[in-house]
1. Modelling each spin label as a point 7 Å along the Cα-to-Cβ direction, I'd like the residue 254/residue 226 distance in nm, to one decimal.
2. Rounded, prolate or oblate: which fits the chain, taking a ≥ b ≥ c as square roots of the Cα gyration tensor eigenvalues, rounded meaning a/c under 1.5, else prolate when a/b beats b/c?
3. If a/c stays under 1.5 just call it rounded; otherwise compare a/b with b/c (prolate if a/b is bigger, oblate if not). Do that for region 49-139, with a ≥ b ≥ c from the square roots of the Cα gyration tensor eigenvalues.
4. Starting with the fewest neighbours, write out 91, 121 ranked by other beta-carbon atoms found within 10 Å of each beta-carbon.
5. For a test of the definition: using alpha carbon positions, the gyration tensor, and the 1.5 limit on a/c, classify region 301-447 as rounded, prolate or oblate.
6. Which peptide among 400-412, 248-260, 124-136 comes first, and what is the full order, when sorted by highest mean count of other Cβ atoms within 10 Å?
7. Hey, quick one: spin label on residue 378, modelled 7 Å out along Cα-Cβ, who in region 189-210 has an amide N within reach, i.e. under 13 Å?
8. Would you calculate a helix-derived [θ] at 222 nm for the chain, using -39,500 (n - 2.57) for each DSSP H run of n ≥ 4 and dividing by the full residue count, to the nearest 500?
């Protein structure tokens, strides 16, 4: 049987002639089709039995095109994207191959999708599900993959209470600046900029906000997304004022006012959830309570508790998936220098030299010695500052290398509590308990 990669990129089906019409109890390779359980824009989903392993699986099989042959290319594209992702909150690829002219993708069989559940849902339950979804999306965003179709029908509820995001069929991989695409996602869950073919990580966050609002209030917000939306009173009664502000940010029409990515949104969600809605130990959660957390998850949680207030780690490394910030010269966990923030920054502009975010009011990039910019005094972004430049008196933020107002190098080392140590080369704050490299001067901390 030829491998899936053997179809090449020409779009030609590997087997000429019309394909077979699928039916119940039909054998497709090692799978026996039982029933069609769903139909999407380009694929049918079948419950099937793996006759060799003796397990139930979900099979995604392309629908027949105008010529009576399966349109395999969308499914092939999804396989290539999902094969880069390994995370408990992303539906994994169990197997992918070409069978009787069909490209077939086998995944774990879920109990049901979120779309099968009633609206509104118990607040604690939907918050736990969305937490799992954001964990999966944060992993995808860390690999520069935008899902583009976050809907209740693509959120799968698995045995043990775990939730996972699936169906990356129209997802895109970011290579520098996002390019225009022609697939817009499911109507009702599409961010405004995605409707114009310009999806970003923020578009996924917008869709998650819509899902959360819908299942907390029973109402799916519609364009023009003006606040207060319908059922906003019910949202406030079931959550809190701080949680409402979180939802308002997630559903901002202007992408620059939203969360930069799923990792930032996940951190904000955990801080905004009222104490009464936080999952209790042993009370049942979408993921954390149904299976033991890995040591990496525990380490990340400990790191966030210690440093989230002093270090703006809202992004993840494209190579190791650990938390990083735009101020870092490299990933302190793995030493990667491949991270760019063109479509992940929360600021209104991007430095073309170092690909880090810049506030509109700044005249110079504070991260590199790049060229100057014409400041935009009416920019909406409002950075948080922690000191002043001793040359011009302009306000500066932690871990800036250059003053964004006068371009002078900041001479004083950033010694920030609660970091326990300072780099022996640059004197800036580090923690070798977590990091292998100094993110400020790139020196290796551990040999």
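Here, each number is a calculation from the coordinates, and none is a lab measurement. Fair warning: this is a prediction, and the values are worked out from it, not measured in the lab. Neighbour counts run over all protein chains shown; Cβ positions are idealised from the backbone, glycine included.
1. Using points 7 Å along Cα→Cβ, the separation is 1.7 nm.
2. prolate
3. Numbers: a/c = 1.89, a/b = 1.85, b/c = 1.03.
Prolate shape, in that a/c is at least 1.5 and a/b is the bigger ratio.
4. So the ranking, lowest neighbour count to highest, is 121, 91.
5. On the way: a/c = 1.75, a/b = 1.41, b/c = 1.24.
Since a/c reaches 1.5 and a/b is larger than b/c, the shape of region 301-447 is classed as prolate.
6. Per-residue mean Cβ counts within 10 Å order the peptides as 124-136, 248-260, 400-412.
7. none
8. It lands at -6500 deg cm²/dmol.
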